[in-house]
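Engineer: Please find one structure pasted underneath; my questions will follow.
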Amino acid sequence: MARETTGAAGHTTGPGAAPRGALSHIRVLDLSRILAGPWATQILGDLGADVIKIERPSEGDDTRGWGPPWMPDGQGADSRVAAYYLCANRNKRSVTVDMASAEGQDLIRRLACQSDVLVENFKAGGLARYGLDYDSLHALNPRLVYCSITGFGQTGPYAARAGYDFLVQGLGGLMSVTGRPDGEPGGGPMKAGVALTDILTGLYASNAIQAALAAREHTGVGQHVDMALLDVQVACLANQAMNYLATGRSPGRLGNAHPSIVPYQDFPTADGYMILAIGNDGQFARFCEEAGRPDLAQDARFATNRARVEHRGELIPILRHLTTARTTAAWIAALESHAVPCGPINAIEQVFEDAQVRARGLRIEMPHPETGAVPLVASPIRLSDTPVDYRLPPPPLGAHTADVLTEVLGLAQDEVEALRARGVV
């Protein structure tokens, strides 16, 4: 039998309820900054949760100052709204609170008692001195799901260290398999072009939080979610980690090539580059036919993927010579007609001009009080009955302080103004 459920946000879902976001019954108290934590809470906000973002008065999230680039204002001049901040903070309400003050700590505790989830990314143990650690808040609100995001987790010899995406990409092995091999032009370790470990940690965190909320439906109590960038980075080595565990040998850097599939990399064309992502022998045979070299698919050195991997050094120069005969567009048109996976290497400008990207609506625009409007990247989540809802643009600092304190905590307006006068909010 279907049930109705009500979370701290006070919204009811169930039979007969008006359609809402999948998490519209959930309130999230977001004490996180930078990227991993805000990425997780933006996902929850996109899914309908009421996300209250706690920020330092006058300063706010560090990424508010991470520019250029800055969004242009309505007259085309730079505003003080950093593009970096915009990428991870929509569907949130900004509340400024001085956490260093006793009154500020009390406000956060009271908000935590009215919340389902708390997300923080302070150093391990850093919130204990404020009485805002898991044990302290669990005692006040046993239903609270408390998610800590750190570089190295709550335990282990590195627990006290600060962790940053770039450091963890190096320490966690990603850079050892990213970049061109030593000895080639441009050879050496390379980080990913985005803060991938932060983003993956945010994704794992949002999954873990929802798992803890699902468990709470059965147990009635919340729990502590301990997320570490290093743990996530090691887990996301995926097949490369298994390649090492299976053989005892560390994989090396192959540039854009694949350790277990050939040809699966970039190739030069008459006017640039393209990607061939040939995953089986049939695709390879069809490529060779189109390229005018059907004999390659019959050659014992290249007939099977296992043989192609073994003879990579012989095959790739042959293919690179063949692919320079046509433009990228000509190759893509020909190979797609033969069901051979291939594609261009787009600049980000070209990404947002791509017909499929446009058809899927991956660029959105929201009104913004400081810039008139802001373009944003849409959520990739598509739910048929409880779709993502873009309710709030990334908020100006402290824009919702009075609203949240009066609505959630029941403070009178003059109480809010008194707190503001004392610098608490």
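The values are calculated or read from the model by the stated rules, or taken from the named source; none is laboratory data. Being a predicted model, the structure only gives us computed values, none of them experimental. Ideal geometry is used to build each Cβ from the backbone, glycine not excepted, and the neighbour counts take in all protein chains shown. The accessibility values were calculated without ligands, DNA or RNA, using every heavy atom of the protein model including side chains. Shrake-Rupley method; radii C 1.70, N 1.55, O 1.52, S 1.80 Å.
Engineer: For segment 370-405, which positions are over 22 Å from Trp39 (Cα atoms) and out of contact with any Asp or Glu (no Cβ under 9 Å at 6 or more places or on another chain)?
Structural biologist: Residues satisfying the conditions are Ser384, Asp385, Asp403.
Engineer: Here's another thing I want to ask about it. Inspect segment 216-230 for any residue being open to solvent by less than 20 Å² (accessible area, probe 1.4 Å) and of a type in the set (Lys, Arg) and give the result as yes or no.
Structural biologist: yes
Engineer: What are the residue pairs meeting all of these: first residue in segment 236-249, first residue over 18 Å from Leu203 (Cβ atoms), second residue open to solvent by less than 70 Å² (accessible area, probe 1.4 Å) and assigned to a helix (DSSP H, G or I), Cβ atoms under 7 Å, and 6 or more apart or on different chains?
Structural biologist: If the second residue must be open to solvent by less than 70 Å² (accessible area, probe 1.4 Å) and assigned to a helix (DSSP H, G or I), the pairs left are Gln240/Val177.
Engineer: Can you tell me which of (1) under 24 Å from Arg20 (Cβ atoms); (2) at pLDDT 95 or above is the one Asp389 doesn't meet?
Structural biologist: It fails just one condition, (2).
Engineer: Report yes if some residue within segment 71-83 is surrounded by 22 or more Cβ atoms within 10 Å (Cβ to Cβ) and either on the phi > 0 side of the Ramachandran plot or touching a His at 6+ places or on another chain (Cβ under 6 Å) (or both); otherwise report no.
Structural biologist: no
Engineer: Sort out which residues of segment 405-425 are charged (D, E, K, R) and part of a loop (DSSP other than H, G, I, E, B), and write them in order of number.
Structural biologist: Answer for segment 405-425, where residues must be charged (D, E, K, R) and part of a loop (DSSP other than H, G, I, E, B): just Arg422.
Engineer: State which residue is most open to solvent (accessible area, probe 1.4 Å) when the search covers only segment 392-425 and only residues that are on the phi > 0 side of the Ramachandran plot and touching a residue at least 40 places away in the same chain (Cβ under 8 Å).
Structural biologist: Gly423
Yes/no matrix, rows are residues, columns are (1) outside any helix (DSSP H, G or I); (2) over 17 Å from Ala208 (Cβ atoms); (3) modelled with pLDDT under 95:
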position: Ala18; (1), (2), (3): yes, yes, yes
position: Ser32; (1), (2), (3): yes, no, no
position: Gly45; (1), (2), (3): no, no, no
position: Gly48; (1), (2), (3): yes, yes, no
position: Ser58; (1), (2), (3): yes, yes, yes
position: Arg90; (1), (2), (3): yes, yes, no
position: Ser94; (1), (2), (3): yes, yes, no
position: Arg110; (1), (2), (3): no, yes, no
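Engineer: Separate question: Which number in (1) over 16 Å from the mean Cα position of the chain (by Cα); (2) without any contact (Cβ under 8 Å) to a residue 60 or more places away in the chain marks the one condition that Tyr84 misses?
Structural biologist: For Tyr84, the failing item is (1).
Engineer: Then there is this: Just name the residue that is modelled with the lowest pLDDT out of those in segment 178-237 that are acidic (Asp, Glu) and out of contact with any Leu (no Cβ under 6 Å at 6 or more places or on another chain).
Structural biologist: Among those that are acidic (Asp, Glu) and out of contact with any Leu (no Cβ under 6 Å at 6 or more places or on another chain), it is Glu184.
Engineer: Shifting gears a bit: All but one of (1) part of a loop (DSSP other than H, G, I, E, B); (2) out of contact with any Lys or Arg (no Cβ under 8 Å at 6 or more places or on another chain); (3) at pLDDT 95 or above hold for Pro259; which doesn't?
Structural biologist: (3)
Engineer: Does segment 130-142 contain at least one residue that is of a type in the set (Phe, Trp, Tyr) and either open to solvent by 80 Å² or more (accessible area, probe 1.4 Å) or under 16 Å from the mean Cα position of the chain (by Cα) (or both)?
Structural biologist: No, segment 130-142 contains no residue that is of a type in the set (Phe, Trp, Tyr) and either open to solvent by 80 Å² or more (accessible area, probe 1.4 Å) or under 16 Å from the mean Cα position of the chain (by Cα) (or both).
Engineer: Related question: From the residues in segment 101-119 that are open to solvent by 10 Å² or more (accessible area, probe 1.4 Å) and in contact (Cβ under 8 Å) with a residue 24 or more places away in the chain, which one is nearest to Leu392 (Cα to Cα)?
Structural biologist: Checking each candidate, the answer is Gln114.
Engineer: Could you tell me whether segment 310-321 includes any residue that is farther than 16 Å from Phe267 by Cβ and open to solvent by 50 Å² or more (accessible area, probe 1.4 Å)?
Structural biologist: yes
Engineer: Working only within segment 266-294, note down all residues that are assigned to a loop (DSSP other than H, G, I, E, B) and under 25 Å from Asn346 (Cβ atoms).
Structural biologist: Those that are assigned to a loop (DSSP other than H, G, I, E, B) and under 25 Å from Asn346 (Cβ atoms): Thr269, Ala270, Asp271, Gly272, Ile278, Gly279, Ala291.
Engineer: If a residue has to be within 30 Å of Trp331 (Cβ to Cβ) and open to solvent by 60 Å² or more (accessible area, probe 1.4 Å) to count, how many in segment 355-391 make the cut?
Structural biologist: So the count comes out to 8.
Engineer: Just to be sure I understand the filter: pairs with C-beta atoms under 9 Å, separated by 6 or more residues or on different chains, first member in segment 195-220 and within 17 Å of Ser115 (Cα to Cα) and free of Cβ contacts under 8 Å to residues at least 12 places away in the same chain, second member open to solvent by 50 Å² or more (accessible area, probe 1.4 Å) and not basic (Lys, Arg). Which pairs pass?
Structural biologist: Sorted first by the residue in segment 195-220, then by its partner, the pairs are Ala215/Val221; Ala215/Gln223.
Engineer: Can you find a residue that is at pLDDT 95 or above, in a helix (DSSP H, G or I) and open to solvent by 60 Å² or more (accessible area, probe 1.4 Å) anywhere in segment 147-162?
Structural biologist: There is no residue in segment 147-162 that is at pLDDT 95 or above, in a helix (DSSP H, G or I) and open to solvent by 60 Å² or more (accessible area, probe 1.4 Å).
Engineer: For Arg308, work out the one condition from (1) in a loop (DSSP other than H, G, I, E, B); (2) among the basic types (Lys, Arg); (3) touching a residue at least 12 places away in the same chain (Cβ under 8 Å) it doesn't fulfil.
Structural biologist: Result: Arg308 passes all but (1).
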